[in-house]
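In what follows, a single structure is set out as structure tokens and then discussed.
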Amino acid sequence: MYRWFTLLHCLLLLTIPLPVSQPSEDLVPLIDDLRKGGFILYVRHGEATVGEDQPGLNLTDCSTQRNLSVKGKEQAKKYGEAIRKLNIPVSLPVESSPLCRTVQTAEIAFGTPNVTVNPFWLKIYELSENTNTADTQNIVQTFTRQVERLTPNQANKVIVAHSFPPGVGLGEIPSMGTVIVKPLGNDKGYEIIGRLTLEDLLRLAQID
């Protein structure tokens, strides 16, 4: 029954995002929690406006994909700087979707040797093009299994991937936006603790 509720929670997006303009002091307790570890930071890649995703794109050929812009690369760099300056511990390697824009984002933010590709995260990208309800439910259910697993103490797991369609899973996420997920354990689902925009992180870390 709980499992069914968790899946329904994901599909209907019952969690209300934090306001983009939330004062920095209101986010301090969230940052303090992150410093203790045990959470998942689900991050959308940086701004990608170079090229386009071609039909039947080749995962090993970035020219067939939409890639990071100059701004997107700068966003990724500042994201990594903010995480380090705020002393938020990260479990390495961080996970990335196999698309070039997500791998590039993760590598710029956390260093090339510290990134591993998890092919499943491409399924989140495919949700935007998938109109089959059964397939969507299966992907969201698998997503739940991925993020409900407890993470090592004293560090946070980072996943760099894609936004969800409106009303599905974690919902829409802005470029370099972060959804803070608390795993509850196998077959117990997860909780969304909060959301951070890149601007939130930079403001908290006092990075221009």
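Values for this structure:
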read-out: Criterion: of a type in the set (D, E) and out of contact with any Ser or Thr (no Cβ under 9 Å at 6 or more places or on another chain) - qualifying residue of E47, E126, E95; value: E126
read-out: Where a residue in the range 15-32 is among the hydroxyl-bearing types (S, T, Y) and its partner, wherever it lies, is open to solvent by less than 70 Å² (accessible area, probe 1.4 Å) and at pLDDT below 50, with Cβ under 9 Å and at least six apart; value: T15/H9
read-out: Filter result (hydroxyl-bearing (S, T, Y) and at pLDDT 95 or above) within the range 50-67; value: S63, T64
read-out: Tally, over the range 150-180, of residues that are within 19 Å of L122 (Cβ to Cβ), in a strand (DSSP E or B), open to solvent by less than 10 Å² (accessible area, probe 1.4 Å) and not small (G, A, S); value: 4
read-out: Flag for L204 being assigned to a helix (DSSP H, G or I) and of a type outside the set (V, I, T); value: yes
read-out: Residue in the range 77-97 that is of a type in the set (S, T, N, Q) and at pLDDT below 95 present; value: no
read-out: Residue in the range 176-199 that is at pLDDT 95 or above, under 16 Å from D33 (Cβ atoms), more than 12 Å from the chain's Cα centre (by Cα) and of a type in the set (D, E) present; value: yes
read-out: Residues that are in a loop (DSSP other than H, G, I, E, B) and either within 16 Å of the chain's Cα centre (by Cα) or of a type in the set (V, I, T) (or both), drawn from the range 108-147; value: N118, S128, T131
read-out: Of all residues making up the range 35-80, the number that are open to solvent by 40 Å² or more (accessible area, probe 1.4 Å), in contact with an Asp or Glu (Cβ under 6 Å, 6 or more places away or on another chain) and outside any helix (DSSP H, G or I); value: 1
read-out: Selection count where residues are surrounded by fewer than 21 Cβ atoms within 10 Å (Cβ to Cβ) and in contact with a helix residue (DSSP H, G or I) (Cβ under 7 Å, 6 or more places away or on another chain), scope the range 101-122; value: 2
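The values are calculated or read from the model by the stated rules, or taken from the named source; none is laboratory data. As the structure is a prediction and not an experimental result, all values here were calculated from the model. Reconstructed Cβ throughout: ideal geometry from the backbone, glycine too, with neighbour counts over all protein chains shown. Note: areas computed on protein heavy atoms with side chains; ligands, DNA, RNA excluded. Shrake-Rupley method; radii C 1.70, N 1.55, O 1.52, S 1.80 Å.
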